[in-house]
1. Mind listing whichever residues of the stretch 94-114 are in contact (Cβ under 8 Å) with a residue 60 or more places away in the chain and either touching a helix residue (DSSP H, G or I) at 6+ places or on another chain (Cβ under 6 Å) or surrounded by fewer than 13 Cβ atoms within 10 Å (Cβ to Cβ) (or both)?
2. Can we say residue 145 is farther than 13 Å from residue 29 by Cα and either in contact (Cβ under 8 Å) with a residue 40 or more places away in the chain or in a strand (DSSP E or B) (or both)?
3. Identify the residue in the stretch 94-115 that is closer than 18 Å to residue 145 by Cα and part of a loop (DSSP other than H, G, I, E, B) and, among all such residues, is modelled with the highest pLDDT.
4. Out of the strands (runs of 3 or more DSSP E) lying entirely within the stretch 1-72, which hold 2 or more residues that are in contact (Cβ under 8 Å) with a residue 60 or more places away in the chain?
5. If I filter the stretch 48-62 for residues that are in contact with a helix residue (DSSP H, G or I) (Cβ under 6 Å, 6 or more places away or on another chain) and either buried (at least 20 other Cβ atoms within 10 Å of the Cβ) or modelled with pLDDT under 95 (or both), do I get at least one hit?
6. Would you mind finding the one in 69, 42 that is in contact with a strand residue (DSSP E or B) (Cβ under 8 Å, 6 or more places away or on another chain) and either surrounded by 14 or more Cβ atoms within 10 Å (Cβ to Cβ) or within 15 Å of residue 6 (Cβ to Cβ) (or both)?
7. Can you give me the number of residues within the stretch 73-93 that are assigned to a helix (DSSP H, G or I) and surrounded by 13 or more Cβ atoms within 10 Å (Cβ to Cβ)?
8. Limited to the stretch 8-34, what total is found for residues that are touching a strand residue (DSSP E or B) at 6+ places or on another chain (Cβ under 7 Å) and surrounded by fewer than 23 Cβ atoms within 10 Å (Cβ to Cβ)?
């Protein structure tokens, strides 16, 4: 499971021209689910992200977590994070989970994350327009297999 985590001032997602999810200060999470992912991968990522000290204190040091600042999360499914780009010029997605499995694990990730902070989402499988006002910019790429 791969997560691109961006510290944001605000973020929103539109489907068919309508806002379906919107947050203020917190994180935008682009989440890719791999074929071999399990609930253990979810637990590792959720635990890492909610406690990750990525928000600045009064001295401009990254000492505060999402929980410390009472932040929010916008979680967007993004299978392209699992693209294999080694051969040719067209991405291959053989490492990405099939849609049914990916949706189930994505929804479980959202459910677990919601136990800690307010969460908004996009619509799984939809063509989405994601607006991200990155703060910093601060961006982390997390792979559950490396945690």
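The values are calculated or read from the model by the stated rules, or taken from the named source; none is laboratory data. Being a predicted model, the structure only gives us computed values, none of them experimental. Virtual Cβ from ideal backbone geometry, glycine too; neighbours counted across all protein chains shown.
1. 95, 96, 98, 108, 109, 112, 113
2. Yes; evaluated as a whole, the condition is true for this residue.
3. Of the stretch 94-115, the ones closer than 18 Å to residue 145 by Cα are 94-97, 101-102, 105-106, 108-109.
In the following step, the residues that additionally are part of a loop (DSSP other than H, G, I, E, B) were identified as 94-95, 97.
Working: 94: 94, 95: 95, 97: 98.
Restricting to residues being closer than 18 Å to residue 145 by Cα and part of a loop (DSSP other than H, G, I, E, B), the top hit is 97.
4. 2-15, 18-23, 26-32
5. Scanning the stretch 48-62, I find no residue that is in contact with a helix residue (DSSP H, G or I) (Cβ under 6 Å, 6 or more places away or on another chain) and either buried (at least 20 other Cβ atoms within 10 Å of the Cβ) or modelled with pLDDT under 95 (or both), so the answer is no.
6. On the way: 42 fails: in contact with a strand residue (DSSP E or B) (Cβ under 8 Å, 6 or more places away or on another chain).
Result of the check over 69, 42: 69.
7. Summing the residues that are assigned to a helix (DSSP H, G or I) and surrounded by 13 or more Cβ atoms within 10 Å (Cβ to Cβ) in the stretch 73-93 gives 3.
8. Residues in the stretch 8-34 being touching a strand residue (DSSP E or B) at 6+ places or on another chain (Cβ under 7 Å) and surrounded by fewer than 23 Cβ atoms within 10 Å (Cβ to Cβ): 14 in total.
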